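A short worksheet on the structure shown next.
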Amino acid sequence: MAIMSVNPTRMELTNLKRKLLTARRGHKLLKDKRDELMRRFLELVRENKALRRTVEEGIRQSNRHMATARSVMGDKMLDVALMIPKQEISLDIENKNIMSVIVPKFHIQYKLPDEGDIFSYGFAFTSADLDIAVKSYYDIVPVMMRLAEVEKSCQLMAAEIEKTRRRVNALEHVMIPQYEETIRYITMKLEENERGSITRLMKVKDLMLAKAHHYE
């Protein structure tokens, strides 16, 4: 590990020790954050898998009933029945903070409160399969919105996990070892300088004693 380019002084040693302590604390916090993000991410992944399975099955069932209704009613009658929808849906999006990751939260609002308003046609000349298909599509919309919310959250959390992992690795394998190696280097240099100073003082002392007592 390369040693940092610093002056081997006691002040620099104190500063490096303080930085090393901060880096170790930051490393622990980032590791805890990474682990918690991973835990929540895996929960969302499992939920995403279940939601996708539900949505795909719901759409498959709805499409099957819609195909049956089309075969019974014909394209023109089906188009007329669905031409002017009564119900409208609006989507409100707010932000939610999960471990410093801002993820979306979707809220569905319906224009008309009555569930029966999803049918924009009379029941006299339409197929029961059309009713089932429309109701199935209506029921699957909230699940689809939750799926979109979870998938986006997974993408954002995955990016944050990767960013946090890189920071943890940089601290663990680069910064902290570099601080430790530089602290050892400065400590050795200071000890060497101290030994040199003691040696010089002893020589000066010997010279002074020799001069005082007329040693040869």
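Sorting Ser136, Ser5 by the number of Cβ atoms found within 10 Å of their own Cβ, with the fewest placed first, yields Ser5, Ser136. Here the spin labels are modelled as points 7 Å beyond Cα on the Cα-Cβ line, and at His173 and Leu156 they lie 3.0 nm apart. Between Glu194 and Glu36, residue separation times 0.36 nm minus the direct Cα-Cα distance comes to 52.1 nm.
Annotation for the stretch 131-161 versus the stretch 91-130: alpha-carbon center distance of 11 Å. Look at (1) 126; (2) 160; (3) 152: the one that is volume of the Cα convex hull per residue in Å³ derived from this structure is (2).
Using just its DSSP H runs of length 4 or more, each adding -39500 (n - 2.57), the chain gives a mean residue ellipticity at 222 nm of -26000 deg cm²/dmol after division by all residues. Spin-label pair Ile98-Glu115: with each label point 7 Å from Cα along the Cα-Cβ axis, the two points sit 2.9 nm from one another.
Each of His173, His27 was scored by other Cβ atoms within 10 Å of its Cβ. Listed from fewest to most, they are His173, His27. About its Cα centre, the dipole of the chain is roughly 1480 debye, where the only charges are +1 on Lys and Arg Cβ and -1 on Asp and Glu Cβ.
Modelled spin labels at Leu201 and Ile89, positioned 7 Å past Cα toward Cβ, are 8.4 nm from each other.
Among Asn97, Thr9, Tyr179, which residue has its Cα furthest toward the positive end of the charge dipole of the chain, with +1 on Lys/Arg Cβ and -1 on Asp/Glu Cβ? My answer, from the dipole projection, is Thr9. Comparing Leu130, Gly26, Met38 along the charge dipole axis of the chain, the residue lying farthest to the positive side is Gly26, per the Cβ-charge model.
Here the mean projected area of the convex hull built on the C-alpha positions of the stretch 1-102 is 13.4 nm².
The numbers here are math on the coordinates, done by the rules we state, and not lab data. Worth saying up front: this structure is predicted, and the values here are computed from it rather than measured. A quick note on method: Cβ atoms are made from the backbone with ideal geometry, for glycine too, and the neighbour counts reach across all protein chains shown.
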